1. From the list A:GLU301, A:GLU296, A:GLU260, A:GLU278, which one is assigned to a helix (DSSP H, G or I), surrounded by 15 or more Cβ atoms within 10 Å (Cβ to Cβ) and in contact (Cβ under 8 Å) with a residue 40 or more places away in the chain?
2. Taking the condition within 27 Å of the chain's Cα centre (by Cα) and either part of a loop (DSSP other than H, G, I, E, B) or away from chain B (no Cβ under 11 Å) (or both), does A:ALA403 pass?
3. Exactly one condition in (1) at pLDDT 95 or above; (2) within 30 Å of B:TYR276 (Cα to Cα); (3) polar (S, T, N, Q); (4) exposed (fewer than 15 other Cβ atoms within 10 Å of the Cβ) is false for B:THR72; which is it?
4. Any residue at all in segment B:281-297 that is part of a helix (DSSP H, G or I) and open to solvent by less than 10 Å² (accessible area, probe 1.4 Å)?
5. So A:GLY314 passes all but one of these: (1) under 22 Å from the mean Cα position of the chain (by Cα); (2) among the small types (Gly, Ala, Ser); (3) within 14 Å of chain B (Cβ to nearest Cβ). Which condition number does it fail?
6. Look at segment A:57-89 and say how many of its residues are among the small types (Gly, Ala, Ser), open to solvent by less than 40 Å² (accessible area, probe 1.4 Å) and in contact with a Leu (Cβ under 9 Å, 6 or more places away or on another chain).
7. So how many residues does segment B:248-262 have that are part of a loop (DSSP other than H, G, I, E, B) and among the β-branched types (Val, Ile, Thr)?
Amino acid sequence: MAGIVSYGGYIPRYRLNRKVIFKAMGWLNPGSAAYARGEKSVANFDEDSISMGTAAAIDCLTGFDRSQAEGLYFASTTMPYKERLSAGIIATALNLPDAIRSADFSNGLRSGTTALISALETVEAGRAKRMLICAADSRLGKTGTPQEMLFGDGAAALLVGNDDVIAEFQGAYFLSYDFVDHYRGDLAKYDRSWEERWIRDEGLEKFIPAAINGLLKKYDLKITDFARVIYPCDYPAAHKKIAKILSLEGSQLQGTMMNEIGDTGAAHPLVMLVKALEDASPGEKILVVSFGNGCEALFFEVTDEIGKPKKRNGIGGYLKRKFELTNYEKYLVFRDLCQADLGLRAEEDIWTRWSLLWRNRKVIFGLVGNRCKRCGTPHYPPQRVCANPDCGAIDEIEDYTFADKPGNIFNFTGDMLAASFDPPAIHGQIDFDGGGRYWFDFTDCTLDELNIGMRVEMSFRKRYYDDRRNIHGYFWKAVPIKEVE
Amino acid sequence: MATGIKDKVVIIGMGCTRFGERWDTNAEDLIIEAFVECLEDAGIEKKEIQAAWWGCHFDQVNYGKAAVPLSTTLKLPFIPVTRVDNWCATGTEALRGACYAVASGAYDIALALGAEKLKDTGYGGLPGGGNTSQINLMIKPNYTAPAGFALMATRYMAKYKISPDELKRALAHISVKSHANGLLSPKAHLRRLITEEDVIKAPMIAWPLGLYDCCGVSDGGAAAIVTTPEIARSLKKDPVLVKALQISVTSGEEAIYTSWDGSYVMTTTQAAKWAYEEAGIKNPREEISLMELHDCFSITELSTYEDLGICPRGTAMKDIMDGFFDLDGKLPTQSDGGLKCFGHPIGASGLRMLYEIYNQLLGRCGERQIKDPHLGLTHNLGGLPSGSVCSIAILGRE
C-alpha cells in the first residue's frame, strides 16, 4: 500500500522572540501585543525556500538510496523564480537521477498537501515506486503587522512509496473555494489580508470542520478513530474552537508550534505531520488538513515500520538547534526589509553564465568532485590531473560526492573587509572525512565558537543575489555540527 | 646543464614614483614618473631600449590588457613589448623577462616597468572581480586578501601552540619596525610612527589580523633598465648585478590536497632553495645583507623569515622580538618601510623593492642607509598561502 516511507524537517537556526518585534514596532500597532508571545523561526540571510526545502529533503533521505527516487515535487508560495523550476534546482543539489518527474506546486497554502497527495496517488497508481516531496516557505509580513509576528520559516520533506511504508495513505477529501482571506498579487512582496474575525468565523472554523467531517463520512470513520489530528491555525483561540466543534480530545490535537516557529506557510501542514510522525506509534491513525482557498484532508495509518530507528534530525531535532536573534534590525536586513549598505565592494557583479552553470551543475549545485582511481585522492573541485604530487594520473577519475561528507575545520577567519549581510564573513578550509580539502563560507555560526578541528557538515545555501538580473545563485557552505542533547 | 643567470645581467638604472593615494595622477602619469627617473639614472636614451616588459595585474581597474598601455604612454618606437601578470609577483616577473632577454643575447638593453593605479575603485583593500575564473566566482567563499592570510595565522598558532596574544605581539613588532623605516623613506605612502599598542588595539580586519597588520593600498610605479656586464662597464662605474631570479608557482595542491599543514608557504620555500642555488648562497642568514619581503600582511613577513630559511621553523618570533630584522639589526628588512608603508600597487611592488635594494647597494639611502651591504634579497608573494606565486630576486655588488 502507498504511504510515507521517510520524513525529514528543517527549521532555520535563528529564532526571533515576538516581544522583540513588539518592542521595536509596537508603537505603530499597539494591538499587535496580542500576538507578541513566543518565538518565530527566521531564515538566515543565505536561506530561502529552495535552500530550506533542500535541507529538509537531505534530512528525509538520510540512509536512503537517492538513485531510487523517481520524482521530486516541491511546494512553496515563496519560490525565488516565477519561471524556472525550483524542484529542478533542488533535484540537482540532491544529486537525484536525471530521469525523474519533477514539479513545483505553488499559489496557495494547500500546495504542500497537494504535492503530497499527487505523489501518493502517482505511487498508488503504480506509476512510480519512490517519490520525494518537500515544502518550504519564508513569507514576509510588513513591519509591525500581525503577519510579521505569525509567519515563520521552515521546511518539511516526505519520501513516499509502496515498500517499507511507515504510514499508509488511506484517503483524502477536498474542498475548493475562492475564499480570499489573504492574497499576494504577482508583483507583491507581502500578503494583503482581510479582517481576521471574518477569516476565523467564516473560514477556519467552517472549512476545517467541514473537510474533516467530509472525510469521516466518505470513509465511514469517527473522529475518535484518530490518534492525531493536524490542522494549522495561526490563532490559538480558533485552533481550540475548531477542536471543540469537532469534539477533539486534547491528546488528539497536534500542536501548531506557533509559539516555537510560527506558521511556515505551504510547509506547515507537513511540518506538523513530520512532528507527529516523530512521536507516532504503530496502528495510530493520523489526519492532516491544510487550509487555503479551501481545504485538503488526508489520513494515514502508522505501521510497525515506524519503530525502526532512523538517523535524522526531524522537526524535533531542529526545534532544539536554535539561536536567539535579539536584534530586530538584523532580522530586517536578513529578509531585505530595510536597505542595508554593504559598501561599494558589494556592488561587484557576479555574472551567472547559464552555459557554464549547466556544464558544471553537479559541481556547483551538487558539490560533486571526483576521485583518482589510481591513488584514491578525492578532489573538489574535480580535477583531471590528480593533485597528489606522487600520483599525477591523468583522466583516471570517477565522480565523488562531497555534499554528504562531514569534515574538520582546517583553518578559519572572520573577514570584516568582505561585503556581508552578517559580518564578519566567516570562512576557512575544510578537510573532508575520507580526503579532499576545499575553502568554504561558514554559516549558522559565530567566530567565537570556532576551533581548528571542529566538525562541520555541508549545507546548500543561497550564495548570492544578482539584483541587476534577478538571479539567485546557490552553493554549499560549512555548518559546525552542534551536539543537541 | 643550466647554470642560471648569475652575474650575466646588470641593472644600470632604476626609477620609482612616490607611492600613495595619487588622486592627482592618471595611470599613465605613474608610468612616466617611474620611467623618467629610471632613464636618467641609466644615462641612456629611450631609443637605446630594444625590448620592454610591462607588469600590471588589475587591468580591469585602469590600464587595460596587453602591452599597449606601456608602449603608447612612452611612445616606444615599435619595439617588442610584453605584458606580464603573475599576481603580486608581476613586477619581478617583468624584470625576469627583461633579464632573460639580455642574458640570452637576444637584446642588449631592456626595460622592465610595473605600475598599478588602484585607488580608483572607491573602496579600501584590493579590487575584487576579474581575478579568477568564472566557475571560481561561483564556488569560492566570500573572502578578501587579509582573510586568506589570516587563515595561515590560525594554522601557525595551532602548530606552534602560540596564543593569539603572543602572536599579535610579534606581528606588532613587525609593523612598528616597518613604520619606523617608512618614516625615513620619502617615497613611502604611510610615513608615521606607530606603537605596538596601536597595532594590537587596531580594528580587526580578518581575525587575528587587525588594521595595522595589513599593508596600505596605493598607486605607484617602478622601473629598471638592464643590460649586459660588458655594456654596463662602458656606461657606469657602479654595477648592480642580478645574482638570482626565481619564480615558484603553486601546483594547486595546498588548496585541495591535504598534505600541506597551512602554517607556511610552499612556493616561497621552493623559490628560496632555487634562488640560493643560483646565487651560490650557502648560509642566507649570514650572507644576505638586507631584505625586502612581501609584507602584504604581518603574518606573511613572519612566515617568510622561516620559508626563506633565515630562521628555523617556529622560531621567527624570537628573532623578530630580538630586533634581528630592525634597521639596526643583523639583517635589516623592509628598510624602506615595505609594503606596510608603501602600499601595494601590484605590478609595481617587486620593482619598488628592487629599487630599495639597488639604492642600498649603491649607498644612496641617506638616513636609512645600511652599512656596507653586499647582497640584497627581494621576495614577492602573489595569491594566498593556499595557492601562491612566489618570486625571489637577489642583487649584489661585484
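1. The match here is A:GLU278.
2. Here the answer is yes, as A:ALA403 does meet what is asked.
3. Of everything listed in (1) at pLDDT 95 or above; (2) within 30 Å of B:TYR276 (Cα to Cα); (3) polar (S, T, N, Q); (4) exposed (fewer than 15 other Cβ atoms within 10 Å of the Cβ), B:THR72 misses just condition (2).
4. No: zero hits.
5. It is condition (3) that A:GLY314 fails.
6. Residues meeting the conditions: 6.
7. Total satisfying the criteria: 2.
Residue by residue, here is whether (1) assigned to a strand (DSSP E or B); (2) away from every other protein chain (no Cβ under 11 Å) holds:
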residue	(1), (2)
A:ASP422	no, no
A:ILE426	yes, no
A:ASP441	yes, no
A:GLU457	yes, yes
A:LYS462	yes, yes
A:TYR465	yes, yes
A:HIS472	yes, yes
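The values are calculated or read from the model by the stated rules, or taken from the named source; none is laboratory data. No experiment lies behind these values; they were computed from the predicted model shown. Neighbour counts run over all protein chains shown; Cβ positions are idealised from the backbone, glycine included. Calculation scope for accessible area: heavy atoms of the full protein, side chains included, ligands and nucleic acids excluded. Shrake-Rupley method; radii C 1.70, N 1.55, O 1.52, S 1.80 Å.
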